[in-house]
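Just so it is clear, none of the values below were taken in a lab; they were calculated from the coordinates. Not measured: the values here are computed from a predicted model. Cβ atoms come from the backbone with ideal geometry, glycine included; neighbour counts cover every protein chain shown.
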Amino acid sequence: MPVQPKDLLLFSESIFNNAVEEVEFRTCANRAYYACHQEARRIVPQTSGYSTRRKSKRITHKDLGDLLQSHKQNTLSIHRSQQDKNIIKIGVLLKQCFVLREKADYRYNDSFKYNQAAMSIRLAEIILKMSQTIP
């Protein structure tokens, strides 16, 4: 059975519960981000800018957050459905999680601490919960 986003989040949480070393905190952030990334890939075809972007180039990690965050940007907030608002919020949170994942994976001269791993996991929990409202 293929690995699901929730599986990656559970794995991240299980490492975090016993983590004491920085490498464990970094791994937690990585797995939490990829739980979000997989879920965002499922959602992104529903965004308003997806078809244009898809034809022009491959969607990068940065593009993914941007597409979700800019969903229905030309529609007044009061006219957006709750699902549309959730897509936008997921984009914002995904970008925050991406920044933490980049630090965890590439900035070895910067310390990566317990609270940063905890924030990555919390962002992933929120994203996965919000995504349940999007078919």
Next item on the list: Ratio to report: Rg/Rh of the range 1-72, with Cα atoms as the point set and Rh obtained by the Kirkwood method; give two decimals.
Entry: 1.10
Item checked: Order of Tyr33, Tyr106, Tyr50 under a 10 Å beta carbon neighbour criterion, fewest first -> Tyr106, Tyr50, Tyr33
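Starting with the fewest neighbours, write out Leu94, Leu128 ranked by other beta-carbon atoms found within 10 Å of each beta-carbon.
Leu128, Leu94
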Checklist line | Pairs of alpha carbons in the chain whose separation is greater than 21 Å (percent) | finding: 42
Notebook entry, point to check: Taking the Cα centre of the range 5-131 as the origin, how large is its charge dipole in debye, to the nearest 20, when only Lys and Arg (+1) and Asp and Glu (-1) carry charge on their Cβ atoms?
Noted result: 700
Note to self: Can you sort Tyr34, Tyr114 from fewest to most other Cβ atoms within 10 Å of each residue's own Cβ?
What the structure shows: Tyr114, Tyr34
Next item on the list: Could you pull out every whole DSSP H run in the chain that spans at least 18 Å of Cα extent along its own axis and averages 0.0 or higher on the Kyte-Doolittle scale?
Entry: 5-18, 114-131
Margin query: Over all directions, how big on average is the projection of the convex hull of the alpha-carbon atoms in the range 85-135, in square nanometres?
Written below: 3.6
